[in-house]
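Peer 1: My questions all concern the structure below.
What follows is calculated from the coordinates using simple rules that are stated; it is not laboratory data. From a predicted model like this one, the values you see are computed outputs, not experimental measurements. Note that we place each Cβ from the backbone using ideal geometry, even for glycine, and neighbour counts take in every protein chain shown.
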Amino acid sequence: MNAADRRRRFDDLVLPHLDAAYNLARWLSGNPAEADDVVQEACLRAFCLFDGFRGDQPRAWLLAIVRNTWFTAWRKRHQPGQVDGAGYDDAHYDGTPLPGWQDGHGDGPEQWLLRAEEVRLLHLALEQLPLAFREVLVLRELEDLPYRDIATIADIPLGTVMSRLARARKLLAVAVIALRAQGTRTASGNTSAANTLSAAPGTGRTATATGMHGTPPQPAGETGHELH
């Protein structure tokens, strides 16, 4: 195969999966700029290794390279033996369905806004998960990869993929519930403060929270990221 044919085959098989590559890199790194760097380096590695690619799953092959590229850089920045925590407490999970995964077709504007808020909370909760759990959730729920491909990408046994996904979903549910409760408490506190200020005697006008202290506190998780 000459160089032109090799490049053409690479473009046809690998480049259609760049969005998935960036999505994984973004969720692993939590940083869009770093994700761009990871994908660029991963694509260069993929091109150099392309002659050895003999499979029929270029997406999984590319994502495995993306993951390894990011972990190589991550390990250089951390001391040996430092790991991302993976514990969770089953007692805090009551089986509440996860928001954001359901089909939203047919919803009216009000339902759509509620769903958008749930998805925002879901994204924030996902960012808080330990890396090992965040990784398998992104690959399964966002990239819709089969378990065997996830096992190949993450370099773990198939049984570990399934058990890790089960734990990750529980962790995610706990995080979403906590964020939702935090937002409720924040909104309740802001309402109480506004009512107290508006009832203040002797002012001659209605006091506002912004008039006293500038911009009021924003609800928890206001800096969530959109998925790519």
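Peer 1: Go over the candidates L126, L139, L145 one by one and state the one that is surrounded by 18 or more Cβ atoms within 10 Å (Cβ to Cβ) and outside any helix (DSSP H, G or I).
Peer 2: Working: L126 fails: outside any helix (DSSP H, G or I); L139 fails: outside any helix (DSSP H, G or I).
That would be L145, the only listed residue that is surrounded by 18 or more Cβ atoms within 10 Å (Cβ to Cβ) and outside any helix (DSSP H, G or I).
Peer 1: Here's another thing I want to ask about it. Can you tell which of A132, A151, A116, A168 is touching a Ser or Thr at 6+ places or on another chain (Cβ under 8 Å) and part of a helix (DSSP H, G or I)?
Peer 2: Values: A132 fails: touching a Ser or Thr at 6+ places or on another chain (Cβ under 8 Å); A116 fails: touching a Ser or Thr at 6+ places or on another chain (Cβ under 8 Å); A168 fails: touching a Ser or Thr at 6+ places or on another chain (Cβ under 8 Å).
Going through A132, A151, A116, A168 in turn, the sole match is A151.
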